[in-house]
Amino acid sequence: TENTTIFGKDLSNIKLLKNEVFLVIITILLIFLSYLPFFLRYYPGIVTSDSYSQIEQTIGILPLKDHHPITHTAIIGILSGNINTGIALYSIFSMLTMAIFAAFVLKYLRKKKVPAFVQLITLLFYMFYPVNGMYSITMWKDILFSGIMPLFIIQNIELIFNTDEFLAKKRNMVGYVLISIFTMILRHNGLYVVVLSLPFIFIVLRKHWKKLLIMFMSILVIYEAYNVVVFK
């Protein structure tokens, strides 16, 4: 079929291409390896002016503050020690995380039976578009936020267009809550993205108001509790 053919070659009989776990893992590896030359060229990584401030917070030169999300500052702090080693570890973490985010976007394309040729082009874009490689080794809150945003969009597409199926599984609801929270805590703009989306989704899907209310209240309560605990 069109969905399993690339350049006229039928891929439908290749068993490994039907194994979703294998496809996710191999996608992560391919994208991670494609970012490796950037890591080697710019070792230990690229640090932005925002990140200098966050590094200074983690080593005690500046007091902790939430001008840059505490969550992202905490990630930098966990990976810090020797500054060069810390930046290198952060770069590896970022490369791997962005590869995982991209792999799940590609997984969704397979789920929606997007033609294999389009999937291949998308994979090559993630691997070889230079901006992706440069950003994957950049210590900057915007990068991880840009990775989580497509997952938030995918969650909403499924919730709105496959509502009954989506809400029938508790794991989907839990996944929606978690991805929404990470969207909110990785960059302050994410708070507005999520909070301003929820009322419109609630109105459109109001006949499912009970489950939506559980999900949406969970997002807001966990986010507020997280802020209170972490900030204290």
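The values are calculated or read from the model by the stated rules, or taken from the named source; none is laboratory data. Just so you know, these numbers come straight off a predicted model, no measurement behind them. Ideal geometry is used to build each Cβ from the backbone, glycine not excepted, and the neighbour counts take in all protein chains shown. What goes into the accessible areas is simple: the full protein's heavy atoms, side chains included, and nothing from ligands, DNA or RNA. Shrake-Rupley method; radii C 1.70, N 1.55, O 1.52, S 1.80 Å.
Descriptive notes on the structure:
- Fully extended contour minus Cα-Cα distance, from Trp209 to Arg41, at 0.36 nm per residue: 55.3 nm
- Exposure rank, largest accessible area first [Ile61, Ile75; 1.4 Å]: Ile61, Ile75
- For the range 129-171, a crude dipole built from +1 on the beta carbon of Lys and Arg and -1 on the beta carbon of Asp and Glu, taken about the Cα centre, is about 180 debye to the nearest 20.
- Overall form of the range 38-89 per C-alpha gyration tensor (a/c, 1.5; a/b vs b/c): prolate
- Largest first and in whole Å, the equivalent-ellipsoid semi-axes of the chain read 32, 28, 12, each the square root of five times a Cα gyration tensor eigenvalue.
- Ellipticity at 222 nm from helices only: DSSP H runs of n ≥ 4 in the chain, each -39500 (n - 2.57), divided by the residue count, give -25000 deg cm²/dmol.
- From the largest down, the range 184-232 spans 39, 20, 10 angstrom on the principal axes of its Cα atoms.
- Length released on extending from Val21 to Val174, taking residue separation times 0.36 nm less the Cα-Cα span: 53.0 nm
- Projecting the Cα positions of Ile143, Ile100, Ile46 onto the charge dipole of the chain (unit charges on Cβ atoms of Lys, Arg, Asp and Glu, taken about the Cα centre) puts Ile100 furthest along the positive direction.
- Debye-formula intensities of the range 134-228, expressed as log10 I(q)/I(0) at q = 0.11, 0.22, 0.24 Å⁻¹, are -0.32, -1.13, -1.30 (one equal scatterer per alpha-carbon, no solvent).
- Neighbours of Leu186, meaning other residues whose beta-carbon lies under 10 angstrom from its beta-carbon, give a summed charge of +1 when Lys and Arg score +1 and Asp and Glu score -1.
- In this structure, Val114 and Val193 have a Cβ-Cβ separation that, at R0 = 25 Å, corresponds to a calculated FRET efficiency of about 0.50.
- Taking the chain and dividing mean pair separation by its residue count, relative contact order in percent (alpha carbons under 8 Å, at least six apart): 22 percent
- Order of exposure, largest accessible area first, which applies to Leu33, Leu144 with probe 1.4 Å: Leu33, Leu144
- For the range 110-149, the Kirkwood hydrodynamic radius from C-alpha pairs, put into Stokes-Einstein at 4 °C and a viscosity of 1.567 mPa s, yields a diffusion coefficient of 112 µm² per second.
- For the set Thr163, Thr85, the ranking by accessible area, highest first and with no ligand, DNA or RNA atoms included, is Thr85, Thr163 under a 1.4 Å probe.
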